[in-house]
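Take a look at the structure set out below.
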Amino acid sequence: MNLSQNTLENTEFMIEEIKKKLRMATGAALKATLLNDEQYEDLRDIYEMVASKSNFSISEIEAITSELGRLRKA
């Protein structure tokens with residue numbers, strides 16, 4: 001999958017992978033259509049960081065979740 005292109009499909013893929021990796025129970029709040037298109041690169045950076053790690057501390061999960069919330073459309 002070519003994540004360099006800002007598409008709804010790529011955004012959905014990255015969000016689903018982040019939710020799986022972080023075992024997010026409240027993943028329903030994260031939807032691709034609610035994210036700001038202009039911050040696609042930020043989402044990709046978060047995705048790449050999450051994909052590269054196998055374990056996360058509680059504080060890391062909180063920080064990632066907070067950052068994802070920042071990307072949502074106002």
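The residue pairs whose first member lies in segment 15-39 and is closer than 14 Å to I64 by Cα and at pLDDT below 70, whose second member is assigned to a helix (DSSP H, G or I) and basic (K, R), and whose beta carbons are closer than 8 Å, counting only pairs six or more residues apart or on different chains, are G27/K19.
Mind checking whether some residue in segment 52-63 is in contact (Cβ under 8 Å) with a residue 40 or more places away in the chain and not polar (S, T, N, Q)? Checked against the condition, which is being in contact (Cβ under 8 Å) with a residue 40 or more places away in the chain and not polar (S, T, N, Q), segment 52-63 yields no hits at all.
The values are calculated or read from the model by the stated rules, or taken from the named source; none is laboratory data. Values in this document were obtained by computation on a predicted structure and should not be read as measured data. Cβ sites come from the backbone with ideal geometry, for glycine too, and all protein chains shown count toward neighbours.
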